[in-house]
Amino acid sequence: MQIDVVSDTVCPWCFIGKRKLERAMAMRPDLEFDIRWRAYRLDPMVPAEGVDRKEYLRAKFGDNPRSKAMGEAIREAGANEGIAFAFDKIEKTPNTLDSHRLIRWAGSAGMQNAVVERLFRAYFEEGRDLGSRGFLIQASEECGMDAALVSDLLGNGADREIVENEDALAHQMGISGVPTFIFANKFMISGAQDPEILVRIIDKAQQASD
């Protein structure tokens, strides 16, 4: 079954949603899944060099008890999925275009899930800069990709327009929040839903395909 996951690499709920989807798929061991990660940029206006994360969040959400409570809720939800969110380590909010380009190439190499996992962990648990091409090249090599090829592709602007178009298409489809999961091109649901909900949609999509 094909499952398209519309996601951004700096979205904490997308990391949580990935874990929940994996638990849902484990509930259906007899099914073969084809997971395809689709680009979505929460803020394409972030400059290429990124911005200071604390200032960015303060400008976006304000510095109030509600925003702090939201961070705690994310931390707690992450801990339930084995994710150790370390927001204090994150210095920059990056432009995510290059990270989505890497994910696209990882799909061609059959390593997309591994690369997505590495990028989520790098940003949210290690505070790495996903806007750094040096780090993206390193991450690709860690996941078994051809680092020299990735370096060349990042440098020559390959697939920038394709990723931008994929992001634009998601918005045109009415997707306004991520993660969004599309099952077998038939059913769509947004949010980091519990595995029990996701598995019900998997079953529904499977029945519709029979």
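In whole Hz and in residue order, list the ³J(HN,Hα) couplings for the range 44-51 that follow from phi through the Karplus curve 6.51 cos²θ - 1.76 cosθ + 1.60, θ = phi - 60°; x for Gly and Pro.
Rounded to whole hertz, the list is x, 7, 4, x, 4, 7, x, 9.
Could you tell me which of rounded, prolate or oblate describes the chain, using a ≥ b ≥ c as the square roots of the eigenvalues of the alpha-carbon gyration tensor, with rounded for a/c under 1.5 and, failing that, prolate when a/b is larger than b/c and oblate otherwise?
Cα axes put the chain in the oblate bin.
Give the shape of the range 1-75 as rounded, prolate or oblate, defined through the alpha-carbon gyration tensor: a ≥ b ≥ c are the square roots of its eigenvalues, a/c under 1.5 means rounded, and otherwise the shape is prolate if a/b is larger than b/c and oblate if not.
Since a/c reaches 1.5 but b/c is at least a/b, the shape of the range 1-75 is classed as oblate.
How high is the FRET efficiency between residue 203 and residue 81 when r is their beta carbon distance and R₀ equals 25 Å, given to the nearest 0.05?
After rounding, the FRET efficiency stands at 0.70.
Tally Lys and Arg at +1 and Asp and Glu at -1 over the other residues with C-beta under 11 Å from the C-beta of residue 122: what net charge comes out?
-1
Amide H of residue 36 versus every other amide H placed in the peptide plane: which residues, excluding those fewer than 5 positions away on the same chain, fall under 5 Å?
3, 4, 5
If one computes the Cα centroid of the range 40-62 and of the range 69-86, what distance in Å separates the two points?
20 Å
When the chain is fully extended, how far beyond the present Cα-Cα distance does residue 55 get from residue 152, taking 0.36 nm per residue of separation? Kindly include the intermediate steps, with their values, before the conclusion.
Numbers: separation 97, 0.36 × 97 = 34.92 nm, distance 3.30 nm.
Gain in length upon complete extension: 31.6 nm.
For residue 186, give me every one of the lysines with a C-alpha distance below 23 angstrom, ignoring sequence neighbours fewer than eight places off in its own chain.
18, 20, 204
What does the charge count near residue 171 come to, summing +1 for each Lys or Arg and -1 for each Asp or Glu among other residues with Cβ under 13 Å from its Cβ?
Working: positive: 38, 41; negative: 8, 43, 164, 166, 167.
The answer is -3.
Which GluC sites (Glu not before Pro) from the range 66-146 combine a DSSP loop assignment with at most 14 other Cβ atoms within 10 Å? Working shown, then result.
Numbers: sites: 72, 76, 81, 91, 117, 125, 126, 141, 142; in loops: 81, 91, 125, 126.
Passing sites in the range 66-146 are 91, 126.
If you take the beta carbon distance between residue 66 and residue 169 as r and set R0 to 41 Å, what does 1/(1 + (r/R0)^6) give as a FRET efficiency, to the nearest 0.05?
Taking R0 as 41 Å, the efficiency between residue 66 and residue 169 is 0.80.
Relative to the present Cα-Cα distance, how much length would full extension add between residue 36 and residue 160 at 0.36 nm per residue of separation?
Contour length minus Cα-Cα distance gives 42.8 nm.
Please give me the summed charge of the neighbours of residue 192: other residues whose Cβ is under 10 Å from its Cβ, Lys and Arg +1, Asp and Glu -1.
Summing Lys and Arg as +1 and Asp and Glu as -1 gives +1.
Quick one: go through the range 191-209 and flag any residue whose amide nitrogen is under 12 Å from the point 7 Å out along the Cα-to-Cβ line of residue 2.
Taking a point 7 Å out along Cα→Cβ of residue 2, no residue of the range 191-209 has its backbone N under 12 Å.
Give the residue from 109, 209, 192 lying farthest towards the positive end of the charge dipole for the chain; charges sit on Cβ (+1 for Lys and Arg, -1 for Asp and Glu) and the dipole is referred to the Cα centre.
The listed residue farthest towards the positive side: 192.
How far is it, in nm, from the label point at residue 126 to the one at residue 45 when both lie 7 Å from their Cα along the line to the Cβ?
Inter-label distance under the simple model: 3.2 nm.
We did not get these values from a lab; they are worked out from the coordinates using the rules stated. A quick note: this is a predicted structure, and the numbers were derived from the prediction, not measured. With ideal geometry, Cβ positions are generated from the backbone for all residues, glycine too; neighbour counts draw on all protein chains shown.
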